[in-house]
Each structure stands twice: as structure tokens, then as C-alpha cells.
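Structure below; questions to follow.
Every number here is computed from the coordinates shown, using simple stated rules; none is lab data. If you're wondering where the values come from, they're calculated on a predicted model, not measured in any experiment. Counting neighbours? That spans all protein chains shown, and the Cβs are built from the backbone with ideal geometry, glycine included.
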Amino acid sequence: MPPGKAVERLRLEELAGEAEEKEDLVVEHELRGVEPEMIDWFWTYLAEGGAKGTEEATRRYKLWHPRDHVSFEWEGETVHRVVERIGETPPVEMRMRAEPPDEIPIPRSPSYSHAMAESILGKGDKPLGWLLHEYEKMPGGTRMRSTFRLPATLLSVVREALRKHCLEEMGELTSLLPELYRKERG
């Protein structure tokens with residue numbers, strides 16, 4: 001990037017480079033007042049927003065993290081493009097695809113009965129990394145573990161910012177989801 005040039009957004013594959021070595025970041029959550037079924041429903045709610053257009057998809061996505069989530073749009077039927085702020089970098093654009101949780105290279109834990117997985121796509125739709133949210137009912141809410149498997153070079157740069165973002169994002173579900181679930185589900 002030329003010196004002094006303003007950057008509107010970064011592409012994740014540009015940040016990751018050609019790195020092949022992957023590293024995991026694991027973030028644990030306790031979501032009080034949120035049931036696993038609400039989270040299952042929330043993933044569908046986000047996806048269905050795309051059927052109503054980019055504006056509605058983005059509105060729903062921003063509910064989840066009003067400050068860091070910038071946009072959400074579908075690219076075909078299975079890939080979506082999001083723009084997020086992760087730490088102090090300019091907004092980062094990522095292409096993501098939902099994946100069967102048992103078919104990604106992050107091993108599932110038998111102690112979690114619910115899971116959602118996505119790949120983060122690079123050039124030629126080759127996965128740069130993966131994320132896995134696993135969760136289970138606990139007294140008073142849901143216990144969740146989020147695992148990000150990303151290029152080691154990228155993770156070394158954004159590790160703490162990504163951890164903070166993930167904690168804020170999932171923490172937002174405790175205030176957002178119970179009311180939204182009741183309102184939308186009747």
C-alpha cells in the first residue's frame with residue numbers, strides 16, 4: 001500500500017499472506033439468560049436477513065455487535081461477505097461459508113451438544129481458517145467455547161483484539177437475544 005493512501009477496508013487474505021501454519025485461539029463464554037436453542041435460532045435469523053436484502057442483513061448483523069460489525073451481504077447461496085472492525089485496524093472484509101461442524105479441521109468436543117462452524121475463504125475459495133462455536137446448556141444459561149483456527153502470522157497480530165471482539169460479540173447476546181427471540185418467535 002502506498003504511504004499516505006487512505007485504506008477504506010482490508011481484505012483478510014491480504015493480511016494473512018501465503019502462510020500455511022495455523023494456530024488456535026480459544027475463547028470461553030458463559031451466556032446468562034440465553035438458552036442454546038436461542039443461539040441455534042439466531043444463526044438462522046442472521047442468514048434469513050440476507051433473503052430480505054443487504055440492508056436487512058446488515059441491520060441484523062449490527063445488532064450482534066453495533067460498533068464492530070459494519071456490513072453483511074450474501075454472495076450466492078452459501079457464501080457471505082462481512083466487514084468487521086477487529087481492534088485498531090481499518091475494517092476487515094472476510095468471505096465466509098457455513099460448514100458442517102464435523103467436517104472442519106477443528107475437532108469437536110463431546111461435552112458440547114450444539115455447534116456452528118464456518119470457513120474463512122481466501123483466493124479460489126480455499127479456506128484460510130475456520131471458526132467453531134460450540135455450546136451447551138448450563139444452569140442459568142449457556143456455556144460456549146469459540147475456537148478460531150487462523151494463519152499463525154495473522155493470529156499473532158490480532159490475537160488480543162480478536163479475543164476482545166469475540167467476548168464483546170457473544171456478551172452482546174445476553175442483552176439482545178432473550179428479548180429478540182421472544183419478539184420474533186411470538
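If R₀ is 25 angstrom, what is the calculated FRET efficiency for the pair T153 and E75, using the beta carbon separation as r and rounding to 0.05?
For R0 = 25 Å, the calculated efficiency reads 0.45.
Membrane-span-like helices in the chain: DSSP H runs reaching 30 Å or more (Cα, own axis), mean Kyte hydropathy at least -0.5?
Length and hydropathy pass: 152-185.
Using alpha-carbon pairs under 8 Å, 6+ residues apart, how would you state the relative contact order of the chain in percent?
Result for the chain is 30 percent.
Same structure again: Counting only Cα atoms, I'd like the Rg/Rh figure for region 93-186, Kirkwood definition for Rh.
Checking Rg against Rh, the ratio lands at 1.00.
Of all DSSP beta bridges in region 23-185, what percent run antiparallel (nearest 5)?
Just about 100 percent of them are antiparallel.
While we're on this one: 7 Å from Cα along Cα→Cβ at both T174 and A47: what's the point-to-point distance in nm?
Distance between label points: 2.8 nm.
Stokes-Einstein at 4 °C, 1.567 mPa s, Kirkwood radius from Cα pairs: D for the chain in µm² s⁻¹?
Once the numbers are plugged in, D ends up at 76 µm²/s.
Right, next: Work out which GluC sites (Glu not before Pro) in the chain are exposed loop sites (DSSP not H, G, I, E or B, at most 13 other Cβ within 10 Å) and give the longest gap free of them.
By the stated rule (loop sites, at most 13 other Cβ atoms within 10 Å), 89-186.
May I pose another question? Taking 0.36 nm per intervening residue step and subtracting the Cα-Cα distance, what contour gain separates R182 from D125 on full extension?
Gain on extension, R182 to D125, equals 16.8 nm.
While we're on this one: Using amide H atoms built 1.01 Å from N in the peptide plane, name the residues 5+ places from G141, or on other chains, whose amide H lies under 5 Å from its own.
Residues meeting the criterion, in which the H sits 1.01 Å from N, are G33.
Tell me, what ³J(HN,Hα) does each residue in region 117-132 have, in order and in whole Hz, if you take phi through Karplus 6.51 cos²θ - 1.76 cosθ + 1.60 with θ = phi - 60° and put x for Gly and Pro?
Working through the residues one at a time gives 9, 9, 9, 9, 8, x, 4, x, 6, 6, x, 7, x, 9, 9, 9 Hz.
Obtain the nm distance between the two label points defined at R32 and R67 by a simple spin-label model: each point lies 7 Å from its Cα along the Cα-to-C-beta direction.
Modelled inter-label distance: 2.1 nm.
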